[in-house]
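Notes to accompany the following structure.
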Amino acid sequence: MKEILSGNEAIARGAYEAGVMVATAYPGTPSTEILENIIRYNEVDASWSPNEKVALEVAMGASFAGARTLVAMKHVGVNVAADPLFTLSYTGIKGGLVLVTADDPEMHSSQNEQDNRNYAKFAKVPMLEPADSRECKEFTRLALELSEAYDTPVMLRTTTRISHSKSIVELENRVSGLPAPALVSNAAKQVMLPTNAKVRHPLVEARMAKLAEAANSMAVNRMEMRDTAMGIITSGVCYQYVREVFPNVSTLKLGLVNPLPLSLIRDFAAKVDRLFVVEELDPCIEEQVKALGIPVSGKDFLPLCGELSPGRIRAAFASIGVGTEKASMPVGEALAPTLPGRPPNMCPGCPHRGVFYALNRLKAYVTGDIGCYTLGFLPPLSSMETCVCMGASIGNATGAVKVVPEEEKRKVVAVIGDSTFFHSGVTGLMDMVYNKAPSTVVILDNRITAMTGRQDNPASGYTLMNEPAHKVDIPLLCSSLGVKHVRVVNPYDLEETKQALKEEMERPETSVIITDKPCVLIKREGVFQRGPLCSVDVEACIGCRACLGLGCPAIQWRPAEGKKGVPFIDAGLCTGCDVCRQLCTFNAIRRAQ
């Protein structure tokens, strides 16, 4: 049976077919849908973890007990999981363990575009890179087999285009006959005291050497000989682009990108007159080819930043006048429509909007974090000064108040979402209290992990499997960390929110404000309650534009007879949050009776 699957759906299917028993993740685009699809298979215990480090540690525990496991995260999540990953390379595994890193060239939904092929080399673990959905499924299974054959975790690297594009996948049955998990003592291998680790390191080097030799004959690495005047080494989605642009050029298609098949690369280079490497982001392959003493071109004319595409590859080769006669003509590119700009924005009725409006009016110095609320940086709210990584807002605030003059300390406010707080904000708040930093932390509790697709977290009261779970009490947690001043506010009440912020910003010690209204797109019925819709009385409106300061997509500006214009509230978008009405001092915005 065949289906058309996205790369993420295919990885989930591959995990199921390969006998994975435990799958863990922290949601993050472009990896999120892997776990959301794995829950279709009852044989797999799938769960969201508070962060990527915990996700990998849970998978490790299941692997040590003999179960096949998969852990998924976006590229920056590997930064969080790097601590256990590097030592897992030494301990090895028992049941196969695959770590999916979903990289994001072009930063479609990320704060950087790091190339995690570097992590595989750094951690000394093998990495596979699929080029379509079929390979996503097959490489997931291969990754688990290699993991067990070579006693190593295996990384599977995708990119945004592979994660979300779709192609045909042949479905197979789940494997049977795998050893049943059991607790078996193996302390010398799994307890990484220095004496044990010293024994394990040479084994890691020997393992990688064996893999490097085996890579030369692996089916995932293949030469496709065509016109030999020009040869291109490539992998992943770039292989698809190269085949589209240069259908008649010889290619070396790499599926295992660490370690590289060096003998195969030498053989391929000897068969072509001129050699190129086409890869996104860092010159990982190119540098190793050059280290072999083989003349090769790549990043001397291809961009280091951003995604590649057929158009960009075609233009890059044209810029050096090489191979253009072998390139295919662009098909349909001239007909592609130019779409209007669509800047990101908080949803109509978002509970975060009023908070950022108040922060802007109070001229706060806001240290921000990763989530929907990062959009508070954009005009007209324009209320964010920093945003670095998950959980950094609180530490940034602590650092700032350590050095600024006394009168400026009161301006510093850290803003963080509920899921991000659990991910890595709790330790920052613990540090803020411990080191007596006089700053205010605003925890925007919308009861869901909203930006990545409304996944559950420890405060939502449900697991990934949609089972009821303990709901973490955020005010109680903050109090237990030693925060003496914790208050909960309604973010739709502008005056209450502004007053709470003003009072806590003046307080000369750590304080926490928690907003407690749910995401307007929350997927469980009855959690978000739509209020009476708002509309504009055109006669009463003087066109002051104060309501436009919210940046709400439901509010539009329209021409009006005898006036410069008046706002119009789209009833199809309005949620009845009532924030705009509170801004109107002329009573021109009114709620439906």
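The values are calculated or read from the model by the stated rules, or taken from the named source; none is laboratory data. In this text the structure is predicted, and so the values were computed from the model without any measurement. Methodologically, a virtual Cβ is constructed for each residue, glycine included, from the backbone with ideal geometry; neighbour enumeration extends over all protein chains shown.
Structure notes:
- Of all the numbered requirements in (1) surrounded by fewer than 21 Cβ atoms within 10 Å (Cβ to Cβ); (2) touching a Phe, Trp or Tyr at 6+ places or on another chain (Cβ under 7 Å), Leu444 misses one, and that requirement is (1).
- Any chance Ile448 is modelled with pLDDT of 95 or more, closer than 21 Å to Gly371 by Cβ and among the aliphatic types (A, V, I, L, M): no
Quick grid of which residues meet (1) more than 24 Å from Val366 (Cβ to Cβ); (2) assigned by TED's automatic domain parsing to the domain that holds Tyr365; (3) among the β-branched types (Val, Ile, Thr):
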residue: Leu464; (1), (2), (3): yes, yes, no
residue: Ile474; (1), (2), (3): no, yes, yes
residue: Cys478; (1), (2), (3): no, yes, no
residue: Arg487; (1), (2), (3): no, yes, no
residue: Pro491; (1), (2), (3): no, yes, no
residue: Gln499; (1), (2), (3): no, yes, no
residue: Glu506; (1), (2), (3): no, yes, no
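- Across region 11-31, the qualifying residues are those that are small (Gly, Ala, Ser) and surrounded by fewer than 24 Cβ atoms within 10 Å (Cβ to Cβ), and the one among them that is nearest to Leu128 (Cα to Cα) is Ala18.
- Hey, Gly14 out of contact with any Asp or Glu (no Cβ under 6 Å at 6 or more places or on another chain) and not in a loop (DSSP other than H, G, I, E, B) or not: yes
- Options Thr140, Thr152, Thr101; residue that is assigned to a loop (DSSP other than H, G, I, E, B), β-branched (Val, Ile, Thr) and out of contact with any Asp or Glu (no Cβ under 6 Å at 6 or more places or on another chain): Thr152
The rows are residues; the columns are (1) crowded, with 19+ Cβ neighbours inside 10 Å; (2) at positive phi; (3) part of a helix (DSSP H, G or I); (4) without any contact (Cβ under 8 Å) to a residue 60 or more places away in the chain.
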residue: Ile34; (1), (2), (3), (4): yes, no, yes, no
residue: Asn37; (1), (2), (3), (4): yes, no, yes, yes
residue: Asn42; (1), (2), (3), (4): no, no, no, yes
residue: Pro50; (1), (2), (3), (4): no, no, no, no
residue: Ala55; (1), (2), (3), (4): yes, no, yes, yes
residue: Met60; (1), (2), (3), (4): yes, no, yes, yes
residue: Val71; (1), (2), (3), (4): yes, no, no, yes
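- All helices (runs of 4 or more DSSP H) inside region 380-476 with 3 or more residues being touching a strand residue (DSSP E or B) at 6+ places or on another chain (Cβ under 8 Å) and under 29 Å from Gly349 (Cβ atoms): 392-403
Every residue, every condition in (1) more than 29 Å from the chain's Cα centre (by Cα); (2) among the small types (Gly, Ala, Ser), yes or no:
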site	(1), (2)
Ala197	yes, yes
Met225	yes, no
Tyr239	no, no
Arg243	no, no
Phe246	yes, no
Val257	no, no
Val278	no, no
Ile285	no, no
Lys290	yes, no
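- With respect to being surrounded by 19 or more Cβ atoms within 10 Å (Cβ to Cβ) and under 21 Å from Ala131 (Cβ atoms), Val98 fits the description.
- Region 487-527: number of residues that are without any contact (Cβ under 8 Å) to a residue 40 or more places away in the chain and among the aromatic types (Phe, Trp, Tyr): 0
- Every residue from region 260-282 that is under 18 Å from Ala131 (Cα atoms) and not acidic (Asp, Glu): Leu260, Pro261, Val277, Val278, Leu281
- In region 174-197, of all residues being touching a residue at least 24 places away in the same chain (Cβ under 8 Å) and outside any loop (DSSP other than H, G, I, E, B), the one that is surrounded by the fewest Cβ atoms within 10 Å (Cβ to Cβ) corresponds to Ala197.
- Listed conditions (1) under 25 Å from the mean Cα position of the chain (by Cα); (2) over 13 Å from Val512 (Cα atoms); (3) of a type in the set (Asp, Glu) are all met by Glu407, apart from (1).
- Looking across Ala143, Ala120, Ala131, one residue alone is over 16 Å from the mean Cα position of the chain (by Cα), crowded, with 19+ Cβ neighbours inside 10 Å and under 30 Å from Cys387 (Cα atoms). It is Ala120.
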